[in-house]
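S.K.: Mind looking over this structure? Questions follow.
The values are calculated or read from the model by the stated rules, or taken from the named source; none is laboratory data. Small disclaimer: the values here were computed from a predicted structure and weren't measured. A quick note on method: Cβ atoms are made from the backbone with ideal geometry, for glycine too, and the neighbour counts reach across all protein chains shown. The accessibility values were calculated without ligands, DNA or RNA, using every heavy atom of the protein model including side chains. Shrake-Rupley method; radii C 1.70, N 1.55, O 1.52, S 1.80 Å.
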Number of protein chains: 2
Amino acid sequence: MGSALLTDQYELTMLQAALADGAAHRRAVFEVFARRLPGGRRYGVVSGIGRFLDALEDFRFEESDLGYLRAAGIVDEPTLAFLADYRFSGHVYGYREGEAYFPGSPIMVVEGTFAEAVLLETIVLSILNHDCAIASAASRMAHAAGDRPLIEMGSRRTHEIAAVAAARSAYLCGFSSTSNLRAGRMYGVPTAGTAAHAFILLHDSEEDAFRAQLQSLGMDTTLLVDTYDVAKAVRTAVELAGRDLGAVRIDSGDLGAAALDVRRALDAYGAEDTRIIVTGDLDEFSIAGLAAAPVDGYGVGTALVTGSGCPTANLVYKLVAREDASGRLQPVAKRSVGKPSKGGRKWAYRETSGGTATAEIVTGAPMESVGRPLLAELVTKGRVVGREPLEAARERHRATLAELPPAAHSLSPGDPAVPTVFS
Amino acid sequence: MGSALLTDQYELTMLQAALADGAAHRRAVFEVFARRLPGGRRYGVVSGIGRFLDALEDFRFEESDLGYLRAAGIVDEPTLAFLADYRFSGHVYGYREGEAYFPGSPIMVVEGTFAEAVLLETIVLSILNHDCAIASAASRMAHAAGDRPLIEMGSRRTHEIAAVAAARSAYLCGFSSTSNLRAGRMYGVPTAGTAAHAFILLHDSEEDAFRAQLQSLGMDTTLLVDTYDVAKAVRTAVELAGRDLGAVRIDSGDLGAAALDVRRALDAYGAEDTRIIVTGDLDEFSIAGLAAAPVDGYGVGTALVTGSGCPTANLVYKLVAREDASGRLQPVAKRSVGKPSKGGRKWAYRETSGGTATAEIVTGAPMESVGRPLLAELVTKGRVVGREPLEAARERHRATLAELPPAAHSLSPGDPAVPTVFS
């Protein structure tokens, strides 16, 4: 199935009414932005642009989709005829993946007729709200982990397909690998894994289980040591594997204290190079809290795939300009209580001073020498031109983080790391 | 693509090690359960069983999947050969969709060889953790709304495919419709929609927009009245549509106060039958808070698709019994700190007294006359036998809710509505 029915019904009924009175053909500009960053975060991270470009190319109303819409009586025949021929022919500009964003950043700008642009609202927002939420959490975790690798292992705690996108966003933001095999296959994310308690319990003894795992998967494997008694398991592990044992995993208890005990035991057995991986409901706060513990890597699940308390980025897709009766593009904005919008097509620049970001400059016209331009051409006359490798986005995220002021990395709720200046 | 790579790598590497030492062929029983209900909820709601049965039938390692696993060096050739022939041939028992569950309820029991059952961990948990989380929130919202209809409109705030499953779970738990068209097409969920601010702003005046919508979509449509000035918009709406106007939608401000003002205005204009729909970051608490307001329906988005603060159900998939060397099935359980499990295959019954649920009885053997049996046969020797229409699950949920004690409907955090008794 294509992506065209991943859409809210009102987009199609609005299209019908606008086709009927001719307004559908007015040129229009929609903008994606966040009114605020959830949870007092200091910055958001753009993710999902690549997935959106894939979905846009796939956004076609198939014969069977049209049959459903007709049978359900959702729109009239002229609208069905429009949908049958639908191909987005406009322009899309956007922040690149891995880039930071702030309240009011025009993360994406969609230009086309109202008819062609209004239909993209749901697919744009679904992808960006999910992926940006995960990326924004992942970036904080990766910063808290410092040089220690993070394995994404949250697939089981979120929708099975959302899990694949979550793994992609985590890697983009500095995670080293994922447990999700489809993310490995689809996006080239490195994959990793350890072993579950079920594998230990399957065997008649922990020793049998360790031996089987070492024989089949080699000495560099990671043995799970907390099924029965951690101290005893560590001793058994080293007796079987010797000093070449790759790693052990601890999944329960006070992880900091347990890691210290295990490190001492491993060192006492001469297994100084055996790594300690900890898992178990970790988030950016507990990762930061383990900074002084002898931990060599973290596995993160639930908190990553649920955005660590902020499962959606709250981005909106708003009409900011449209053609009037005389053919001129006019800025528009609603005046609803508590939901301010700023009308007009916008441009955005990251202002820096001495290599550190100082402001997000949002303007009503293109400007020169105000900083790094943030909107890139993604789609030109309906053709995708802005695709890039995931590794490029990962590299950009690293560079973007290095540019943010130190306050950006505070885990406490507070103001955005740089102000957004509308000029 | 099939569902087989929606899997954590460690299931495949555990399989490899267990195939090598022969333990993979031991009979095994895995159980899905929750250690606790998130957020102090009083009950959880089972959802996703139907989706799991679809995913199970689709769980095949295609040639291209095997090619990826081989190229990435994830498992060895004997394991690839096993995966190429993989078809689940065991039994699955489960709670039916719409049923309530409590801590320790054995929501799903999977019986087969270790090899065939261990591979299902991620797909089982991804589907149930997501769908049960959404259903558990939706059920509270539907109860808070009473007889007033709820429209699910959260697609834009969650992953685009998760949105379809969310709409399904919401309908199962009493929502009347969804904005998501693919959920309409795939699952037969009734669809609905109103109009966006973009449609108003597209036109040269609010009056032009209302006129276009009424002419194209008929008098029963829902006009959005908060783009500029609510009072003025309501007057314009009635002037254009007369007393036959279907509904108006308010999306901002103090919804209770605004609904009261709008109701008075509509009544004064003689539009006593025009309904008032409110939207805007509603959850079960704000819905309950609007019970006394003149509201005729709610649109719920973000809070529904994010599980209203609890985006995952925290269900786990644990080995509870497996064959020993002598061929006998033995209960097993880990002893990890703070993560208790109870070994052994289980059966479950809902005990009632005078039509009201009094306990969740979990036993180690089938029993008679202890209450309504909760585990139904879903898969027999690999063949799906437990499919049912979504309407049946929706009806079951209604009946299940009616059976729960009144304390189940408290929105405050607290203990489960009935105790789980292991006997």
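S.K.: Report yes if B:S176 is open to solvent by 10 Å² or more (accessible area, probe 1.4 Å), in the same structural domain as B:R387 (by TED's automatic domain parsing) and at pLDDT 95 or above, otherwise no. Quick ask: steps written out before the conclusion?
M.R.: Numbers: open to solvent by 10 Å² or more (accessible area, probe 1.4 Å): yes; in the same structural domain as B:R387 (by TED's automatic domain parsing): no; at pLDDT 95 or above: yes.
Taking the combined requirement at face value, the residue does not satisfy it.
S.K.: Take A:M186 and decide whether it is assigned to a helix (DSSP H, G or I) and either in the same structural domain as A:G44 (by TED's automatic domain parsing) or open to solvent by 20 Å² or more (accessible area, probe 1.4 Å) (or both).
M.R.: yes
To keep it simple, each residue is scored yes or no on (1) closer than 15 Å to A:E31 by Cβ; (2) not assigned by TED's automatic domain parsing to the domain that holds A:F30.
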{"site": "A:G307", "(1), (2)": "no, yes"}
{"site": "A:A325", "(1), (2)": "no, no"}
{"site": "A:R328", "(1), (2)": "no, no"}
{"site": "A:G343", "(1), (2)": "yes, no"}
{"site": "A:G354", "(1), (2)": "no, no"}
{"site": "A:R383", "(1), (2)": "no, no"}
{"site": "A:G386", "(1), (2)": "no, no"}
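S.K.: Still on this structure: Does B:D261 fit the bill of being more than 11 Å from chain A (Cβ to nearest Cβ), in contact (Cβ under 8 Å) with a residue 12 or more places away in the chain and among the acidic types (D, E)?
M.R.: Yes, satisfied.
S.K.: OK, next. Pairs, please: C-beta under 7 Å, at least 6 apart or cross-chain, first residue at positive phi and in the stretch B:39-64, second among the β-branched types (V, I, T) and open to solvent by less than 40 Å² (accessible area, probe 1.4 Å)?
M.R.: B:G48/B:I127
S.K.: Here are some residues: B:L150, B:L202. Which one is within 11 Å of another protein chain (Cβ to nearest Cβ), open to solvent by less than 10 Å² (accessible area, probe 1.4 Å) and over 24 Å from A:A166 (Cα atoms)? Explain how you work it out, then say what you get.
M.R.: Numbers: B:L150 fails: within 11 Å of another protein chain (Cβ to nearest Cβ).
Every option except B:L202 fails the conditions.
S.K.: What residue, among those in the stretch B:158-173 that are open to solvent by less than 10 Å² (accessible area, probe 1.4 Å) and in a loop (DSSP other than H, G, I, E, B), is nearest to the other protein chains (Cβ to nearest Cβ)? So that I can check it myself, show each step before the final result.
M.R.: Let us first name the residues in the stretch B:158-173 that are open to solvent by less than 10 Å² (accessible area, probe 1.4 Å), namely B:159, B:162-167, B:169-170, B:172-173.
With the extra rule that they be in a loop (DSSP other than H, G, I, E, B), the set shrinks to B:159, B:173.
Values: B:H159: 4, B:C173: 17 Å.
Among those residues, the one meeting the criterion is B:H159.
S.K.: Condition test on B:A313, is it away from chain A (no Cβ under 14 Å) and either within 30 Å of B:G48 (Cα to Cα) or surrounded by fewer than 22 Cβ atoms within 10 Å (Cβ to Cβ) (or both)?
M.R.: The answer is no for B:A313.
S.K.: Give me the pairs: first residue in the stretch B:300-324 and closer than 13 Å to B:S169 by Cα, second residue part of a strand (DSSP E or B) and of a type outside the set (D, E, K, R), beta-carbon distance under 9 Å, and six or more apart or on different chains, which are they?
M.R.: Cβ pairs passing all conditions: B:L304/B:L150.
S.K.: If you check B:L245 against the conditions, is it in the same structural domain as B:V262 (by TED's automatic domain parsing), within 16 Å of A:A24 (Cα to Cα) and hydrophobic (A, V, I, L, M, F, W, C)?
M.R.: Criteria not met by B:L245.
S.K.: Kindly evaluate B:T302 against the criterion of being surrounded by fewer than 22 Cβ atoms within 10 Å (Cβ to Cβ), β-branched (V, I, T) and more than 10 Å from chain A (Cβ to nearest Cβ).
M.R.: no
S.K.: For the stretch A:113-135, which residues satisfy the criterion of being surrounded by fewer than 24 Cβ atoms within 10 Å (Cβ to Cβ) and either at positive phi or of a type in the set (S, T, Y) (or both)?
M.R.: A:T113
S.K.: While we're here: Residues of the stretch A:338-354 being more than 19 Å from A:L319 (Cβ to Cβ) and open to solvent by 50 Å² or more (accessible area, probe 1.4 Å), which ones?
M.R.: Answer for the stretch A:338-354, where residues must be more than 19 Å from A:L319 (Cβ to Cβ) and open to solvent by 50 Å² or more (accessible area, probe 1.4 Å): A:E351, A:T352, A:S353, A:G354.
S.K.: Taking the stretch A:91-110 only, how many residues are closer than 14 Å to A:L53 by Cβ and small (G, A, S)?
M.R.: The qualifying residues number 1.
S.K.: Going through the stretch B:368-412 one residue at a time, which ones are open to solvent by 40 Å² or more (accessible area, probe 1.4 Å), within 27 Å of B:L53 (Cα to Cα) and more than 18 Å from the chain's Cα centre (by Cα)?
M.R.: Passing the criteria: B:R372, B:P373, B:E377, B:K381, B:R383, B:V385.
S.K.: Then there is this: Take B:I74 and tell me if it is touching a Leu at 6+ places or on another chain (Cβ under 9 Å), within 30 Å of B:A138 (Cα to Cα) and open to solvent by less than 20 Å² (accessible area, probe 1.4 Å).
M.R.: no
S.K.: Do you know which residues across the stretch A:103-154 are part of a helix (DSSP H, G or I), more than 15 Å from the chain's Cα centre (by Cα) and hydroxyl-bearing (S, T, Y)?
M.R.: The answer is A:T122, and nothing else.
S.K.: For the stretch A:220-239, name all the residues that are buried (at least 16 other Cβ atoms within 10 Å of the Cβ), part of a helix (DSSP H, G or I) and within 13 Å of chain B (Cβ to nearest Cβ).
M.R.: Passing the criteria: A:V230, A:A233.
S.K.: In the stretch B:259-293, how many residues are under 21 Å from B:E206 (Cβ atoms), small (G, A, S) and open to solvent by 20 Å² or more (accessible area, probe 1.4 Å)?
M.R.: Residues that pass the stated criteria total 3.
S.K.: May I pose another question? Consider A:A271 against the criteria (1) more than 14 Å from every other protein chain (Cβ to nearest Cβ); (2) in contact with a strand residue (DSSP E or B) (Cβ under 6 Å, 6 or more places away or on another chain): it satisfies all of them except one. Which criterion is unmet?
M.R.: (2)
S.K.: Something else about it: Could you tell me whether the stretch B:212-219 includes any residue that is more than 7 Å from every other protein chain (Cβ to nearest Cβ), of a type outside the set (V, I, T) and not in a loop (DSSP other than H, G, I, E, B)?
M.R.: First pass over the stretch B:212-219, keeping only residues more than 7 Å from every other protein chain (Cβ to nearest Cβ): B:214, B:218-219.
So of that shortlist, the ones also of a type outside the set (V, I, T) come out as B:214, B:218-219.
Retained after the next criterion (residues that are not in a loop (DSSP other than H, G, I, E, B)): B:214.
Yes - at least one qualifying residue is present in the stretch B:212-219.
S.K.: From the list B:F82, B:F88, B:F102, pick out the single residue that is at pLDDT 95 or above and open to solvent by less than 10 Å² (accessible area, probe 1.4 Å).
M.R.: B:F102
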